[in-house]
1. Would you check if residue 20 is more than 10 Å from the chain's Cα centre (by Cα), at pLDDT 95 or above, loosely packed, with under 10 Cβ neighbours inside 10 Å and in a loop (DSSP other than H, G, I, E, B)?
2. When segment 46-65 is examined, which residues are found to be more than 16 Å from residue 7 (Cα to Cα) and either at pLDDT below 95 or not aliphatic (A, V, I, L, M) (or both)?
3. Residues of segment 27-59 being surrounded by 10 or more Cβ atoms within 10 Å (Cβ to Cβ), free of Cβ contacts under 8 Å to residues at least 24 places away in the same chain and assigned to a strand (DSSP E or B), which ones?
4. Any idea how many residues of segment 60-69 are of a type in the set (Ser, Thr, Tyr) and not in a strand (DSSP E or B)?
Amino acid sequence: MEFAITERAKVELDIFDVNGKKVATLLDELLYPGEYEAGWNGSGLPAGVYLYQLSVNGFTVTRRGVLTK
């Protein structure tokens, strides 16, 4: 997943299964302006649909992704 921020911000990136259970936290830190890329290794989890949620200074976006094996 790629994203960009324009100001210093607290960034959180979490992965959830379709039941709403958090299965991974990829980021939970203060980042500086710039472009970022976060990868996720879903080994140990079944293939299927997952939701990723990006929160930047309280603004949240949720998208759907598919883990294939």
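The values are calculated or read from the model by the stated rules, or taken from the named source; none is laboratory data. Keep in mind that what you see is a predicted model, and the values were worked out from it rather than measured. Counting neighbours? That spans all protein chains shown, and the Cβs are built from the backbone with ideal geometry, glycine included.
1. Values: more than 10 Å from the chain's Cα centre (by Cα): yes; at pLDDT 95 or above: yes; loosely packed, with under 10 Cβ neighbours inside 10 Å: yes; in a loop (DSSP other than H, G, I, E, B): yes.
It is true that residue 20 is more than 10 Å from the chain's Cα centre (by Cα), at pLDDT 95 or above, loosely packed, with under 10 Cβ neighbours inside 10 Å and in a loop (DSSP other than H, G, I, E, B).
2. First, pick out the residues of segment 46-65 that are more than 16 Å from residue 7 (Cα to Cα): 46-53, 61-65.
Within segment 46-65, 46, 48, 50, 52, 53, 62, 63, 64, 65 meet the criteria.
3. Result: 27, 28.
4. Residues of segment 60-69 of a type in the set (Ser, Thr, Tyr): 60, 62, 68.
Now drop any that are not not in a strand (DSSP E or B), which leaves 68.
Number of matching residues: 1.
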